[in-house]
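Contents: one structure, followed by commentary.
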Amino acid sequence: MTRGSPSRLKRPSHMRPAEKTTEVVISREPDCEDLPLPAYETDHAAGMDLRAAVREPLTLAPGERASVPAGLRIALPKGFEAQVRPRSGLAIRYGITMLNTPGTIDADYRGEIRIIVINLGQESYTIQRGDRIAQMIVAPVSRVEWRQVNTLDETDRGEGGFGHTGK
C-alpha cells in the first residue's frame, strides 16, 4: 500500500460523501416563491425543514390545532415515501407538535403538503410565514406479501406489550 494513496485509505465515516442521493421533483404553490425549498440544516441531518406558507400570522391557543400549508408539492419516485415529523425545539420550548405523526406522503400523492399542528403548550403560539414548523424525511419503503399461518413462532418477548420491560 502506498502511504497517502487516496484510493487505499479509508476515510472516517464523518468525512465520506453521502452514500446515495435520490432526486425528487418539487414545485411551489404560486404565492410561495419567497419561501426557501426544504433544506438540510446540518451536514448530518436526516430531515429537511418545512416552512409555514401561511398568508397571515396564525395564532394557536392552547389545545387548538390547524392544518398549515407548506406551499409545496412533490413527486416522489416509486418505492419512496416522505415522513413529516415535529421539530423537537418547538415541542420542548412551546409545546408545538403534530397530530398524525409521522405524517406519510405517498409516492402517488400530488397535492400540497400540509402539516397538522397542535399547541399542547400553556400559552398561545403564533406561526409566522416562513417559520420552520416540521421536518421531512424521504425514505425507501418495502412492500409486503402476506403469508397467513395459524400460529406464529415463539419469541422471548411473546405477547409482552406496552411497558412490559419496566421503567
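The values are calculated or read from the model by the stated rules, or taken from the named source; none is laboratory data. The structure displayed is predicted, hence computed values, not measured ones. Note that we place each Cβ from the backbone using ideal geometry, even for glycine, and neighbour counts take in every protein chain shown.
Cβ-Cβ under 8 Å, sequence separation 6+ or interchain: first residue in the stretch 128-152 and at positive phi and touching a residue at least 60 places away in the same chain (Cβ under 8 Å), partner crowded, with 16+ Cβ neighbours inside 10 Å and part of a loop (DSSP other than H, G, I, E, B). Which pairs?
Sorted first by the residue in the stretch 128-152, then by its partner, the pairs are Gly130/Leu35; Gly130/Ala52.
Which one is surrounded by the most Cβ atoms within 10 Å (Cβ to Cβ) among residues in the stretch 26-35 that are more than 13 Å from Glu112 (Cα to Cα) and in contact (Cβ under 8 Å) with a residue 24 or more places away in the chain? Spell out how you get there, then give the answer.
From the stretch 26-35, those more than 13 Å from Glu112 (Cα to Cα) are 33-35; that's our starting set.
Remaining after also requiring in contact (Cβ under 8 Å) with a residue 24 or more places away in the chain: 34-35.
Details: Asp34: 11, Leu35: 18.
In this case the residue turns out to be Leu35.
Is it true that some residue in the stretch 68-77 is of a type in the set (Gly, Ala, Ser), touching a strand residue (DSSP E or B) at 6+ places or on another chain (Cβ under 8 Å) and farther than 18 Å from Asp131 by Cβ? Explain how you work it out, then say what you get.
So in the stretch 68-77, the residues of a type in the set (Gly, Ala, Ser) come out as 70-71, 75.
Retained after the next criterion (residues that are touching a strand residue (DSSP E or B) at 6+ places or on another chain (Cβ under 8 Å)): 70-71, 75.
Still in the list and also farther than 18 Å from Asp131 by Cβ: 75.
There is at least one residue in the stretch 68-77 that is of a type in the set (Gly, Ala, Ser), touching a strand residue (DSSP E or B) at 6+ places or on another chain (Cβ under 8 Å) and farther than 18 Å from Asp131 by Cβ.
With a cut-off of at least 1 residues that are at pLDDT below 95 and either exposed (fewer than 10 other Cβ atoms within 10 Å of the Cβ) or among the hydrophobic types (A, V, I, L, M, F, W, C) (or both), name the strands (runs of 3 or more DSSP E) lying wholly within the stretch 99-167. Give the derivation first.
On the way: elements: 103-105, 114-119, 125-127, 132-140.
Fully inside the stretch 99-167 and qualifying: nothing.
Output the number of the condition that Leu90 fails; it satisfies all remaining conditions of (1) assigned to a helix (DSSP H, G or I); (2) loosely packed, with under 12 Cβ neighbours inside 10 Å; (3) touching a residue at least 12 places away in the same chain (Cβ under 8 Å).
(2)
Restricting to the stretch 48-73, count the residues that are surrounded by fewer than 19 Cβ atoms within 10 Å (Cβ to Cβ) and among the small types (Gly, Ala, Ser).
Of the residues in that region, 4 qualify.
Taking interchain pairs and intrachain pairs at least six residues apart, which have beta carbon atoms under 9 angstrom, with the first residue in the stretch 50-76 and farther than 14 Å from Ile127 by Cα and the second surrounded by fewer than 21 Cβ atoms within 10 Å (Cβ to Cβ) and of a type in the set (Gly, Ala, Ser)?
Leu72/Ser27; Arg73/Ser27; Arg73/Gly111; Ile74/Ser27; Ala75/Ser27; Ala75/Ala107; Leu76/Ala107
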